[in-house]
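Structure first, then comments.
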Amino acid sequence: MNVTLLPSTTSFMGHRKKRHVNKQVILMFFLILFFSIHGFAQTEPPGFYEQLKAHVAIDSNAKLQIASIEITGNKKTKRYIIEREMRFKKGDTIIAAQIFKKLQLSQELIYNTALFTEVILTPYFITGTDIRVLVTVKEKWYIYPTPQFQLVDRNLNEWLNTFNADLERVTYGAKFVHYNLTGRRDQLKIYLLNGFARNFSFVYNAPVSNRALTEGFSVAAGFTQNREIIYKTDADNKPLRYSIDGFVRNQFYMNGTYIRRNGFYRTRQFGIGYQYMDVADSVTSFYNLNYFNNNKSYAGFPVVTFRFQYINTNNINYPLKGKIHSLLFTKRGWGIDGGVNMLSVDGDYQKFWTHQKNWYSVFGGHFRIKLPFEQSFINQQALGYGQFYLRGLENYVIDGVASALAQYTLKKKIWSFNIPIPFKNNILDKIPFNIFAKTYGDLGYSHLKPAFDTRLNNRMLYSGGFGIDILSLYDVNMSLEYSFNQLGEKGLFLRAKGGF
């Protein structure tokens, strides 16, 4: 008897894009075909579970012992990294009615390490009460020395619509990434970028560094230069930019983080670092006196963080069931108020439901509070930055010191197909595609003191729309969304992301 447990579709969600998408759609399609070195597998019906029901029906409290665990396919990854994610160990006794659940949870946890393209758990009955578990994994390609071509603008829509796809507004260079440097799930990333902006930085992340496999750390440092910066947000929630022939802002940072993960789903991180930045004198003396909230054109300050995160989903990259919630505390600056001093609290909650007939739904709630409410401009970023935005209002930035966002999405998988790889390789034999149709609605609010008020601050915001998600390889996905907002605006947004 055996059970084959395979992970569901995997993909990251990225930024949304707007209008003029025909060329971008074609481009992303060929990018997906080109970057075909990761893979995924779909969940298949576990035949072992049906056969086990007969045994459970006789005595649901019957106990099965894990007599042995064998692991194959891990040429680079250490064995104990895989065993760390399993919900049982050799010698454990498990109630028969729970065996399939334990196998499924172990498969999901191993896959969520992001080290493998495929994870298969196969149990074999040695006797009527003893089980041997075979864990078969297929490792990814971990080394990526890749050329880089990055936009300096907030998203592709802004680059296309505001700057007419100006090729001078890009950074270029090289990025070296090793996602499993010593076989212990540790990552090394090095960036060497030049062009409209410069970025020389490195990150080393080792989530497992002690014998108990409960502690880890990360270190990072970098130096960046920008020829243009956003120095203010205007009354219509558009970013105002300042640029010079040279570099208008120089920034250096370094930080270290201690990571604690006792169980399977909860992680605690404590970080401490230092950041220094200086800007052109005219920015703080003329364009925005509140940029650093003082009369200086530079600022150096410590940054202390504490994050608690809970992740329990079937797939960390594109969840279809489970939940995620986190809480982040950030202290910036040496003092309590004035200058760049800030204490912020960020909360996030996401719940994923799997319904019948390939229907799925997602609810997300997010909030951010910054104290005191009298903040420098560099501390006022809220809606419109990163992943903290309303779908349909991507073209606006809404600063704030107290912000909240609620999002709901209903989707259905409508099509699934594979494109065979025409040449032999050890990574995957096909490129999978899964297409979801969806509809969604967002609510948001961002509070800002009257002195900095804009037309979208201090009022309830709402938007909605419908679209499709095209999911393929491990870290490549594309979304097409037709969104509308309370301002009467509507349009097609293209969002795409890849990890190369």
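Going by the alpha-carbon gyration tensor, a ≥ b ≥ c the square roots of its eigenvalues, is the stretch 143-498 rounded (a/c under 1.5) or, if a/c is not under 1.5, prolate (a/b greater than b/c) versus oblate?
Note, shape of the stretch 143-498 comes out rounded.
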- [ ] For an R0 of 30 angstrom, estimate the FRET efficiency from the Cβ-Cβ distance between Gln251 and Glu489 and round to the nearest 0.05.
- [x] 0.30
- [ ] Provide the per-residue ³J(HN,Hα) series for the stretch 119-131, in order, calculated from phi with Karplus coefficients 6.51, -1.76, 1.60 and θ = phi - 60°, each as a whole number of Hz, with x at glycine and proline positions.
- [x] 9, 10, 10, 10, x, 10, 7, 7, 10, x, 10, 10, 10
TODO: Measure off 7 Å from each Cα along the Cα-to-Cβ vector at Thr146 and Tyr310, then give the distance between these two points in nanometres to one decimal.
DONE: 3.4
Task: Long-range amide H partners of Asp92 with built H, under 5 Å - done: Ile66
Open item on the list: Can you give me the distance in nm between label points at Asn295 and Lys321, each placed 7 Å from the Cα along the Cα-to-Cβ direction?
Closed with: 6.4
Task: Cross-link table Lys76/Lys497; Lys63/Lys90; Lys140/Lys413; Lys75/Lys138; Lys76/Lys140, entries beyond 21 Å C-alpha to C-alpha - done: Lys76/Lys497; Lys140/Lys413
TODO: Step through the residues of the stretch 316-322 one at a time and calculate ³J(HN,Hα) from phi using the Karplus curve (6.51 cos²θ - 1.76 cosθ + 1.60, θ = phi - 60°), rounding each to whole Hz and writing x for Gly and Pro.
DONE: 5, 8, 8, x, 10, 7, x
TODO: Determine the gain in length on full extension of the stretch Arg459-Ser285; use 0.36 nm per residue of separation and subtract their C-alpha separation, reporting nm with one decimal.
DONE: 59.5 nm
- [ ] Holding the Cα-Cα limit at 27 Å, pick out from Lys189/Lys411; Lys323/Lys449; Lys189/Lys351; Lys89/Lys412; Lys321/Lys430 the pairs that are longer than that.
- [x] Lys189/Lys411; Lys323/Lys449; Lys189/Lys351; Lys89/Lys412
- [ ] Return the FRET efficiency for the residue pair Ser209, Asn425: r is the Cβ-Cβ distance, R0 is 25 Å, and the value is rounded to the nearest 0.05.
- [x] 0.15
Open item on the list: Could you check the spin-label model distance between Arg268 and Arg79? Points 7 Å from the Cα along Cα→Cβ, value in nm.
Closed with: 3.2
Open item on the list: I'd like to compare 102-112, 85-95: which one has the highest average count of other Cβ atoms within 10 Å, and what's the full order after that?
Closed with: 102-112, 85-95
TODO: Can you tell me the order of 352-362, 434-444 when each peptide is scored by its average per-residue count of other Cβ atoms within 10 angstrom, highest first?
DONE: 434-444, 352-362
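Any read-out appearing in this document is the output of simple, stated calculations on the displayed coordinates, not a laboratory observation. Note that the structure is predicted; figures quoted are calculated from it, not measured. Positions of Cβ are generated from backbone atoms using ideal geometry, with glycine treated the same way; all protein chains shown enter the neighbour counts.
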